[in-house]
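Shown next, in structure tokens, is the structure this report addresses.
The values are calculated or read from the model by the stated rules, or taken from the named source; none is laboratory data. As the structure is a prediction and not an experimental result, all values here were calculated from the model. Note that we place each Cβ from the backbone using ideal geometry, even for glycine, and neighbour counts take in every protein chain shown.
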Amino acid sequence: MTNHEIKIAFEEYPSIHELNGSDQNLCLEAVNATANSHSPYSKFKVGAALLLQSGKIIHGSNQENVAYPSGLCAERVALFHWGATYPNDPIETIAITAYTDNFELIKPVTPCGSCLQVMAEFEKKQGKPIRVILYCIDGPVWITNGIESFLPFLFFEDRLS
């Protein structure tokens, strides 16, 4: 038997004010994206903002549907929009945030496994990691370079290509 240990690394900042101007702006773009959230069932609004290499910013928000699970997470809305319209303009950073009037969020919200797998696929497609900023409005910010810190056992099978 062999024991293995997986460690992840991420930066934590006490607030958005500790970030550089570009990262602050991307977090605020993610907040703006929550305005287009369609979340009448969960009342949990999620926003994502992608910063592309060209400087363009793409927004996504969660879109719920009464016929669950027909909705889609904010991250995948933004990522699929990128894949359909700007696939040759690499993603530098994604900022993700959420809020609800039902309770106080005290730490950043992390992407679900499906969103992480899609991010991993797009990292592979573009040949470089996507920097991830998780922003808790009026709270801490977590930053990691790449999806592997969230999903260390990524599903890839090169023979499927």
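Just a few scattered comments:
- Filter result for Cys27 (of a type outside the set (Asp, Glu), touching a Phe, Trp or Tyr at 6+ places or on another chain (Cβ under 6 Å) and at pLDDT 95 or above): yes
So that you can scan it fast, the table gives a plain yes or no per residue for (1) of a type in the set (S, T, N, Q); (2) closer than 18 Å to Gly60 by Cα:
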position: Phe103; (1), (2): no, no
position: Ser114; (1), (2): yes, yes
position: Arg131; (1), (2): no, yes
position: Ser149; (1), (2): yes, no
position: Pro152; (1), (2): no, no
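- Search result, residues across region 117-128 that are buried (at least 18 other Cβ atoms within 10 Å of the Cβ) and either small (Gly, Ala, Ser) or under 18 Å from Ile8 (Cα atoms) (or both): Met119, Ala120, Glu123
- Failed criterion for Ile16 (all others in (1) hydrophobic (A, V, I, L, M, F, W, C); (2) farther than 14 Å from Ile94 by Cα; (3) out of contact with any helix residue (DSSP H, G or I) (no Cβ under 9 Å at 6 or more places or on another chain); (4) surrounded by 15 or more Cβ atoms within 10 Å (Cβ to Cβ) hold): (3)
- Residues in region 48-84 that are in a strand (DSSP E or B) and either touching a residue at least 60 places away in the same chain (Cβ under 8 Å) or hydrophobic (A, V, I, L, M, F, W, C) (or both): Ala48, Ala49, Leu50, Leu51, Leu52, Ile57, Ile58, Leu72.
- Region 65-112, residues that are of a type in the set (Asp, Glu) and surrounded by fewer than 18 Cβ atoms within 10 Å (Cβ to Cβ): Asp89, Asp101, Glu104
- One residue alone among Ser22, Ser42 is over 29 Å from Asn102 (Cα atoms), among the hydroxyl-bearing types (Ser, Thr, Tyr) and surrounded by fewer than 18 Cβ atoms within 10 Å (Cβ to Cβ), and that residue is Ser22.
- Every residue from region 140-161 that is over 15 Å from Leu26 (Cα atoms) and in contact with a Leu (Cβ under 7 Å, 6 or more places away or on another chain): Ile147, Glu148, Phe150, Leu151
- Asn36 being within 23 Å of Leu116 (Cβ to Cβ), among the polar types (S, T, N, Q) and within 18 Å of the chain's Cα centre (by Cα): yes
- When we screen Ser70, Ser114, Ser61 for residues that are of a type in the set (Gly, Ala, Ser), touching a Cys at 6+ places or on another chain (Cβ under 8 Å) and more than 19 Å from Tyr13 (Cα to Cα), the only hit is Ser114.
- Qualifying residue in region 22-30 (condition: within 15 Å of Val132 (Cβ to Cβ), of a type in the set (Gly, Ala, Ser), in a helix (DSSP H, G or I) and without any contact (Cβ under 8 Å) to a residue 40 or more places away in the chain): yes
- Between Tyr86, Tyr68, the distinction of being more than 17 Å from Ile133 (Cα to Cα) and at pLDDT 95 or above belongs to Tyr86 only.
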